[in-house]
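Shown next, in structure tokens, is the structure this report addresses.
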Amino acid sequence: MTRRRLALVGAVLLVAACVERLAAPANCPDFCPSGQITIVDTLLTSSIHRDSSYRGYVLAYQSALMLAAHLPGATDTLDGRPIFRINGYGARIPADTSAGAILGADSARLQLYVVRRDSATRNLRLQLYRLPITIDTGTTFGTLVPPFTDSLVRTINIDTLLAQPGRKDTVTGDSVVVDSLNRRLLLSLKLDTAAARYITTDSGTVSYGIRIAADTLASIAFGKDGFGPSLQWYLRLDSLGTTVARKPGALGARLASFVFAPPPAPIDSTLAVGGVPSAHSLLRVAFPKVIRDSSQIIRATLYLVPAVPARGAPPDSFVIEARNVLADFGAKSPIDLLLGDSAMIHPGATDTVKIEVTNLLQQWAADSTRPTLLLLRPEREAQTLGEIRFYPSVATAFRPTLQITFVRRFPFGAP
Amino acid sequence: MTHRTGWTIAVLLVGPALTGGAIAAAQDSQFGIRGLGTPGRWESVRSRSTGGAFGPFDPLSPLMEAPLADLGQLTATAAGYTSNRDVVVGGTTTPLRTTRFPLMGVAGPVAPRLVVAVGFTTYLDRSWDVILRDSLMLRGVLERYTDAIASDGSVADVRFAAASRLSRRIAIGAGLHFLAGSTRMTAERRFDDSTFARVQQSAEVRYDGFGLSGSVLIGVAPGLSIAAWARSDNRLRAKVADTTSAVTDLPRMAGGGILFAPSPNARVAASVAWRAWSRAGAGAFDTWNWSAGMEFGPRRMPIRLGARGGQMPFGPGTTAPTEAAGSLGTGRAFAQGRALIDVGLERLERRGGGLTERVWTVLVGLTVRP
């Protein structure tokens, strides 16, 4: 028994003895290693070259949102108008054998999701216009000027609707549901017979457009696809000479897009990022070998000087991001989605934009097969009207620059 | 146990050291950070318990080869130390703790009048870890950071030795020393400002060198022996990724001792050693070290006492740091003397450059004679 106890005590002592504790505060230079961590900070003013911009990556109809804006500016008005088309059932309701031809519509209920809005916006008003059913992905702002002038269907004041008891307007039949978690509004608008005309010769297809107005900051976004416009028809059908009512399933938009004015300025020598259709810029970097081969990058910052104030709706600040590419194929360079760095752009601002690109350059240093090319693009393509243009490398005084802080190789093995 | 079995056990004990797989280190010190490292103590637990005074006469201490000549049978030994060290600098005390296995060896006669030995001991300990808090101007802003620079490893002295008793009075020995080892070094910097990425670099530094040594043991009179030894190492080459990063000259050294045994139950000894560490470059000093000790009582379970003092080879300033220590210990033989366990306790103090180290070290040694 005594031997066992002794063995146990011995084992405990052995385990306790094997705990190492070596870390001590340094008392430099007398009791520090001779080698020190050496940090170098360098500004690469002429290493970015052969930069270029390309537009057309995401078009308005490909955007995840429908943008609506009405923002008078000094020289022009930024005007964005969502448009959508909802195809009808045709002359009959499919699979409904208990009734005959569709005679017309009693009414309809249009549902719209407002997925982005500025809570500071006051007196926000929606104007619903009937548009030609021929609208498509190629429809422009100019071609819709007439219907947006003379085909007003409804006007809805969202602030007034939100102020109603139960957020329901008993007079118009409109209502709104506030999803505070997702910061969404679900508008349910009642359209009467005149506003919702089921024309069987058009197969019941209807198109609408929206203009918005507000006292300030009139810029919002409507959802698409799962959160896109939907129309619930209340139809009258013929049933052996008798008119019967039917409420078929709601229909979603087959086309959801937006038109806007003024159109984006053409690509020029500046580096454009953002806008609709979205623009990307490519910056090719002559990455110094001394940094790539024998050092560790601890911070890298890309400096970009705006050539003009950033465009866009003032409440819609947008994010641009810098990414690496997998291969340099110019405008069609495949983007590395693994790592990205970003910066917030405020419309109207002209401050120098700084993007911390440390991890991107660390990837260059770690993998010498990577093209040393930075791609600038909006984080959410074509989801804002914002666009920024930077001075290119040919503008010597304002060219893009990279500031890199790196650590030289520690002198391991030196006495 | 047969002679062959004994050698097999011995090879199993020592083999890892020869292939570089062993962990070899000795007590480390802040004084070794700036220089090549902290020199190891080439002493068994028995010798160290006497302050090192018995080192020149102890066949199991790898200081001298000549005492091996009196080893009558195959013997293997190993030692382990645990140190609790208080580092006092600028009024701040930092407690540190290390455990090391700095000694392993096997020796035995291979022919009449010829004994050979192989083993390893620590030549330089290079295990340390310093943490530094400082700041620098970076991009026009004062950035505060914490550095942690660490080294973990050592340079081992792999010794092949032979000794022969030429006469009743004289024994001689010689040894070949292969210095080998590696350290895993890391340098890390963390900025308070997280926009700067953490600096982390590491490398494995490999070391090699070569040395020769010789020694003589003379019985002057019954119960009175003197010993002398000398050693020369060429240089220590440090390589990082097969590229030589440093070549440092290593010291020549010499020493001697005297042992007086007035009776079978009492032995006293003293020794001195000189090492020309100044060859290693700036910040290195030649050192003198002395020790005195005694062992009394029956050989089955003796009591050992000792003291030592001297200088450390690396330190700041113009004079070498000093060290002084007192030690005591005992041993116990088992199985008719075929197994011995030695234990010891050492109190050490080092001073220099405004830094003081106070160390308690517990020593445990095991010797097997199969």
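The values are calculated or read from the model by the stated rules, or taken from the named source; none is laboratory data. What you are looking at is a predicted structure, and each value in this text was computed from that prediction instead of being measured. Here the Cβ is made from the backbone with ideal geometry for all residues, glycine too, and neighbour counts use every protein chain on show.
Please determine, by comparing only the residues of the stretch B:1-38 that are more than 14 Å from every other protein chain (Cβ to nearest Cβ), surrounded by 22 or more Cβ atoms within 10 Å (Cβ to Cβ) and over 21 Å from B:Ala69 (Cα atoms), which one is modelled with the highest pLDDT. If we take residues in the stretch B:1-38 being more than 14 Å from every other protein chain (Cβ to nearest Cβ), surrounded by 22 or more Cβ atoms within 10 Å (Cβ to Cβ) and over 21 Å from B:Ala69 (Cα atoms), then B:Ala17 is modelled with the highest pLDDT.
Screening A:Gly241 on (1) over 25 Å from A:Pro82 (Cβ atoms); (2) in contact (Cβ under 8 Å) with a residue 24 or more places away in the chain; (3) of a type outside the set (Val, Ile, Thr) shows it passes everything except condition (2).
Does B:Arg139 qualify as being on the phi > 0 side of the Ramachandran plot, modelled with pLDDT under 95 and within 14 Å of chain A (Cβ to nearest Cβ)? Criteria met by B:Arg139. Before we move on, is A:Thr405 within 14 Å of chain B (Cβ to nearest Cβ) and either surrounded by 21 or more Cβ atoms within 10 Å (Cβ to Cβ) or polar (S, T, N, Q) (or both)? Criteria met by A:Thr405.
Among the listed residues B:Arg126, B:Arg190, B:Arg100, B:Arg85, which satisfies the condition of being charged (D, E, K, R) and farther than 24 Å from B:Trp360 by Cβ?
Working: B:Arg126 fails: farther than 24 Å from B:Trp360 by Cβ; B:Arg100 fails: farther than 24 Å from B:Trp360 by Cβ; B:Arg85 fails: farther than 24 Å from B:Trp360 by Cβ.
When all the criteria are applied, what remains is B:Arg190.
Among the candidates B:Leu103, B:Leu176, which residue alone is within 22 Å of the chain's Cα centre (by Cα) and either crowded, with 21+ Cβ neighbours inside 10 Å or in a loop (DSSP other than H, G, I, E, B) (or both)? Don't jump to the end; show me each part of the working.
Values: B:Leu176 fails: either crowded, with 21+ Cβ neighbours inside 10 Å or in a loop (DSSP other than H, G, I, E, B) (or both).
Within the list B:Leu103, B:Leu176, the selection yields B:Leu103.
Selection of the stretch B:91-110 for residues being within 7 Å of chain A (Cβ to nearest Cβ) and in contact (Cβ under 8 Å) with a residue 24 or more places away in the chain yields only B:Thr98. Within the stretch B:301-313, being buried (at least 22 other Cβ atoms within 10 Å of the Cβ) and either away from chain A (no Cβ under 14 Å) or out of contact with any Ser or Thr (no Cβ under 8 Å at 6 or more places or on another chain) (or both) holds for B:Pro302, B:Arg304, B:Gly306, B:Arg308. Test of understanding: among A:Val259, A:Val273, A:Val244, which residue is more than 30 Å from A:Val308 (Cβ to Cβ), hydrophobic (A, V, I, L, M, F, W, C) and assigned to a strand (DSSP E or B)? The conditions single out A:Val244. Within the stretch A:214-241, the set of residues being assigned to a strand (DSSP E or B) and modelled with pLDDT under 90 comprises A:Asp238, A:Ser239.
Residues that are out of contact with any Lys or Arg (no Cβ under 9 Å at 6 or more places or on another chain): which strands (runs of 3 or more DSSP E) entirely in the stretch A:348-415 hold 2 or more of them?
A:353-356, A:401-408
Out of curiosity, is A:Gly90 more than 14 Å from chain B (Cβ to nearest Cβ), crowded, with 16+ Cβ neighbours inside 10 Å, more than 31 Å from the chain's Cα centre (by Cα) and closer than 30 Å to A:Tyr234 by Cα? Answer is no for this residue. What number of residues in the stretch A:354-398 are within 14 Å of another protein chain (Cβ to nearest Cβ) and among the hydroxyl-bearing types (Ser, Thr, Tyr)? Within the stretch A:354-398, residues that are within 14 Å of another protein chain (Cβ to nearest Cβ) and among the hydroxyl-bearing types (Ser, Thr, Tyr) number 1. Restricting attention to the stretch A:145-165, does a residue exist that is within 19 Å of A:Ala253 (Cβ to Cβ), touching a residue at least 12 places away in the same chain (Cβ under 8 Å) and of a type in the set (Gly, Ala, Ser)? Within the stretch A:145-165, one or more residues are within 19 Å of A:Ala253 (Cβ to Cβ), touching a residue at least 12 places away in the same chain (Cβ under 8 Å) and of a type in the set (Gly, Ala, Ser).
List the number of the failed condition for B:Arg332; all other conditions in (1) touching a residue at least 12 places away in the same chain (Cβ under 8 Å); (2) surrounded by fewer than 16 Cβ atoms within 10 Å (Cβ to Cβ); (3) under 30 Å from B:Arg279 (Cα atoms); (4) not aromatic (Phe, Trp, Tyr) hold. Among (1) touching a residue at least 12 places away in the same chain (Cβ under 8 Å); (2) surrounded by fewer than 16 Cβ atoms within 10 Å (Cβ to Cβ); (3) under 30 Å from B:Arg279 (Cα atoms); (4) not aromatic (Phe, Trp, Tyr), the lone unmet condition for B:Arg332 is (3). If you take the residues in the stretch B:111-136 that are within 14 Å of chain A (Cβ to nearest Cβ) and within 28 Å of the chain's Cα centre (by Cα), which one is surrounded by the fewest Cβ atoms within 10 Å (Cβ to Cβ)? Across the stretch B:111-136, the extreme among qualifying residues is B:Ile131.
Condition first: within 14 Å of another protein chain (Cβ to nearest Cβ) and either aromatic (Phe, Trp, Tyr) or over 17 Å from the mean Cα position of the chain (by Cα) (or both). Now tell me which residues in the stretch B:150-173 satisfy that.
Within the stretch B:150-173, the subset within 14 Å of another protein chain (Cβ to nearest Cβ) is B:150-155.
Those that are within 14 Å of another protein chain (Cβ to nearest Cβ) and either aromatic (Phe, Trp, Tyr) or over 17 Å from the mean Cα position of the chain (by Cα) (or both): B:Ala150, B:Ser151.
Given the residues A:Leu191, A:Leu240, A:Leu181, A:Leu235, which is the only one that is of a type in the set (A, V, I, L, M, F, W, C) and closer than 27 Å to A:Leu385 by Cα? Lay out the reasoning, then the answer.
Values: A:Leu191 fails: closer than 27 Å to A:Leu385 by Cα; A:Leu240 fails: closer than 27 Å to A:Leu385 by Cα; A:Leu235 fails: closer than 27 Å to A:Leu385 by Cα.
Checking each option against the conditions leaves just A:Leu181.
Inspect all residues belonging to the stretch A:189-206 and state whether any of them is of a type outside the set (Lys, Arg) and under 24 Å from the mean Cα position of the chain (by Cα). Looking for residues that are of a type outside the set (Lys, Arg) and under 24 Å from the mean Cα position of the chain (by Cα), one finds none in the stretch A:189-206, hence no. Just one of (1) within 17 Å of A:Arg85 (Cα to Cα); (2) not in a strand (DSSP E or B); (3) not polar (S, T, N, Q) fails for A:Arg211. It is (2).
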